[in-house]
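First the structure, in the form of structure tokens, and then the observations on it.
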Amino acid sequence: MNYKNYINGSWHDAKSGKKFSVENPFNQEIIAEVPDSNFDDINLAVSSAKNAYLDWCLMTAGERRDLMRELANKSRENAKDLAKTISMEMGKPFAESLDEIDTVADFLEYYGELARDEVGRIVAPVDSKTMSLVRYESTGVIGCIIPWNYPLALMGWKLAPALAAGNTVVIKPSEITPLSVLHWCSLIESILPPGVINVVTGYGQSAGEPLVTHLDVPVITFTGSVVTGKKIARLAADNLKKVSLELGGKDPMIICDDADIEIAAQGASWGGFVNAGQVCTSIERIYVFENVINKFTEAIIEEAKKVVLGDPFAKDTDIGPMVSKAQQENTVKKVEQAVRDGARILTGGNIPKNLGNGYFYQPTVLDNIRSDMEIVTEEAFSPVLPIQKVSSIQDAIIQSNDSIYGLGCSIFTKDIDRALTAADDIKSGTICINSPLMENIAAPFGGMKQSGIGREHGKEALDEFREAKHIFIDYKQEAKDWWF
Ligand code: NAD
């Protein structure tokens, strides 16, 4: 496949002619080259999206729903091919990549339908024979900036509510995983009018920033790191642009002494190691009641040792390589720093020797942890679980809240009072009781504190992509004294 920018329904090289290559993290093979785009390419894509907006926003929600259903069907029909592209460029196991395609299709179906209901409301009138309508209107061209850890699913999270609300989009995928989004566009190109979806590949500074600062893009929806999120917020502020920011996390898991330790350890292993720990809602800190910490530690070590690392296309693989050499090196550095700070490696802590030149890292469990260590305060985005003991639920809540992040949190207990106290008092966008982090398409997803601004999923996501307008109607048509 020839991977080019997808603009106005056709395929374009970067105007500069420049390209960069995309690597398979399992074997370091170069699998494709894509346009290294800059302002000129972004500008072309934005003007294409702006032209397409004129007709797309005038369609009925039902007409858009029908087209979005076709996009969903096409995604499902081609799920295996698309999943192959995700696993090749990102390294995650094939079954997990298939799940991403399901997510994209689900989001397209869900928002296509939801936008037919969620069009506005009538509020109490201020006077007799008057009416106040609140109408939710589309905003225009939405700039979508996407990270590499879920290259298609996270596109779906943004694209589906944006389109359903009547907007057109310009998508800038991660420079590390641009192929899945382009592959998907090649499958759906005959379904939508040209310009409704545009994709421009490139690096953050040269392609992402021109999208953020473009005057014809009123909304930026971004998923990525806190550092980049802050930069985008600063750039967007110059034009008072609306931003939604889905950023990093340092999600705590609390294990109480009445929890089923085996189930909690299985949940911690999955929540900490799935996708090689490269999930914004990965379990990144574990707080265990002191009277069960030994039992839990034994159980989590056992679970960590069971995790199978390997070829993303092998049936028994649980986790593939990390996405890049930089990501692997980052993990090595984080664990080395933790050890220098006094942590003890209970299992893992190395690059495995028997897996060729893929960017693997062993599932790792650490103890001897203090709250001021970097491995507790900074997002690792790695398969590393630091364990600390706590003396009570209050202690666990204090530790959990002692963070700049507030994305998710989970608690394992059979005591409903403890569970709901944690749900009340922990500042995070999601709280899961007796489960590692779970999402629900119909429930808002997002972060408090520095984990972000705005929400994805549910009806809340539609609001990120539309404006509320008040329409006042006086149907008395009588003369009136307006002056106070
Ligand atoms: P990143 O911030 O490095 O990059 C994300 C995207 O932003 C990429 O497309 C990149 O090219 C672009 N970008 C970089 N600099 C830019 C700039 N100056 N202007 C505009 N765009 C720019 O993040 P990443 O390494 O791709 O992803 C990992 C991070 O994403 C982690 O911190 C993770 O927690 C976070 N994440 C959050 C969620 C969530 O929903 N909260 C989901 C997935 C990932």
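How big is the charge dipole of the chain about its Cα centre, in debye rounded to the nearest 20, if each Lys and Arg gets +1 on its Cβ and each Asp and Glu gets -1 on its Cβ? Walk me through the numbers on the way to the answer.
Values: 48 positive and 67 negative charges, 172 e Å.
Charge dipole, the chain, about its Cα centre: 820 debye, nearest 20.
Taking all protein chains together and a probe of 1.4 Å, list E478, E284, E378 from the most accessible to the least accessible.
Per-residue accessible area, sorted high to low, gives E478, E378, E284.
Go through F26, F472, F381 and list them by solvent-accessible area, largest first, probe radius 1.4 Å.
Greatest to least solvent exposure: F472, F26, F381.
Loop-only GluC sites (Glu not before Pro) in region 12-80, please: DSSP not H, G, I, E or B, and at most 15 other Cβ atoms within 10 Å.
Counting only loop positions with at most 15 other Cβ atoms within 10 Å, the GluC sites (Glu not before Pro) in region 12-80 are E29.
Could you run the Karplus curve 6.51 cos²θ - 1.76 cosθ + 1.60 with θ = phi - 60° over region 126-135 and give me ³J(HN,Hα) per residue in whole Hz, x for Gly and Pro?
Per residue, the Karplus-derived 3J(HN,Hα) values read 8, 7, 5, 6, 10, 9, 10, 9, 10, 10 Hz.
Show the residues, 5+ positions off or on another chain, whose built amide H is closer than 5 Å to the amide H of A259.
K414
Could you tell me which helices of the chain pass both thresholds, a Cα extent of 27 Å or more along their own axis and a mean Kyte-Doolittle hydropathy of at least -1.0, with helices taken as whole DSSP H runs?
Values: long enough: 94-117 (36 Å, -0.25).
Helices meeting the criterion: 94-117.
Helix-only mean residue ellipticity at 222 nm, the chain, DSSP H runs n ≥ 4 weighted -39,500 (n - 2.57), per residue, nearest 500. What is it?
Taken over the chain, the calculation gives -12000 deg cm²/dmol.
Can you run the Rg to Rh ratio on region 193-321? Use alpha carbon positions and the Kirkwood inverse-distance Rh.
That ratio equals 1.15.
Farthest toward the dipole's positive end in the chain, which of V227, I101, Q362, given Cβ charges of +1 (Lys, Arg) and -1 (Asp, Glu) about the Cα centre?
It is V227, whose Cα lies furthest towards the positive end.
Give me D for region 163-267 in µm² s⁻¹, whole number, from Stokes-Einstein with Rh from the Kirkwood sum over alpha-carbon pairs, 37 °C and 0.692 mPa s.
It diffuses with D of about 198 µm²/s by this estimate.
What is the P(r) of region 16-120, as percent of Cα-Cα pairs per 5 Å bin from 0?
Each 5 Å bin holds this share of Cα pairs: 2, 11, 13, 13, 15, 18, 16, 8, 3, 1, 0.
For the chain, with every protein chain kept in place, what is the accessible area per residue (1.4 Å probe, Å²)?
With the other protein chains kept in place, the chain gives 43 Å² per residue.
How much net charge surrounds T377 when only the other residues with a Cβ under 12 Å from the Cβ of T377 are counted, with Lys and Arg +1 and Asp and Glu -1? The partial results should precede the final answer.
Details: positive: K250, R285, K334, R370; negative: E284, D341, D372, E374, E378, E379, D402.
In short, -3.
What's the extension gain from L58 to D316 if we count 0.36 nm per residue and subtract their Cα-Cα distance?
Difference between extended and current length: 88.0 nm.
Restricting to the chain, compute how many DSSP beta bridges are antiparallel as a %, nearest 5. Show your work: numbers first, answer last.
Details: 30 of 67 bridges.
If we restrict to bridges inside the chain, about 45 percent are antiparallel.
Would you please give the residues with an amide H less than 5 Å from that of K242, counting only those at least 5 places away or on a separate chain, with H modeled from the backbone geometry?
The list, which skips near neighbours in sequence, is I220.
Quick one: Debye curve from the C-alpha atoms of region 332-409, no solvent, what's log10 I(q)/I(0) at q = 0.11, 0.24 Å⁻¹?
-0.32, -1.18
Using a Förster distance of 35 angstrom, determine the FRET efficiency expected from the C-beta separation of S186 and L215, and round it to 0.05. Mind showing how you got there, number by number?
Numbers: r = 30 Å, r/R0 = 0.86.
With R0 = 35 Å, the Cβ-Cβ based efficiency is 0.70.
Just the number, please: Stokes-Einstein D of the chain in µm²/s, Kirkwood Rh from C-alpha pairs, 10 °C, 1.306 mPa s.
The estimated diffusion coefficient comes to 67 µm²/s.
What net charge do the residues around S225 carry, taking every other residue with its C-beta under 10 Å from that of S225, with Lys and Arg at +1 and Asp and Glu at -1? Could you put the intermediate results ahead of the total?
Values: positive: K230, K231; negative: E379.
My count for the surroundings of S225 gives +1.
Scan around V390 for amide H atoms under 5 Å from its own, H built in the peptide plane at 1.01 Å from N, and keep only partners 5 or more places away or cross-chain.
Those lying under 5 Å, H to H, from V390 are V288, F289, E290.
Applying the Karplus parametrisation 6.51 cos²θ - 1.76 cosθ + 1.60 with θ = phi - 60° to the phi angles of region 208-222, what ³J(HN,Hα) value in whole Hz is obtained for each residue in order, glycine and proline being reported as x?
3J(HN,Hα) across region 208-222, in whole Hz: x, 4, x, 6, 5, 9, 5, 5, 8, 10, x, 9, 10, 10, 10.
Can you return the lysines within cross-link range of K15? Criterion is Cα-Cα under 23 Å, with same-chain partners fewer than 8 residues away left out.
K4, K50, K172
The values are calculated or read from the model by the stated rules, or taken from the named source; none is laboratory data. On a predicted model such as this, the values are computed, not experimentally measured, just so you know. So basically every Cβ, Gly included, is an ideal-geometry build from the backbone, and we count neighbours across all protein chains shown. Note: accessible area is taken over every heavy atom of the protein model, side chains too, but ligands, DNA and RNA are not part of it. Shrake-Rupley method; radii C 1.70, N 1.55, O 1.52, S 1.80 Å.
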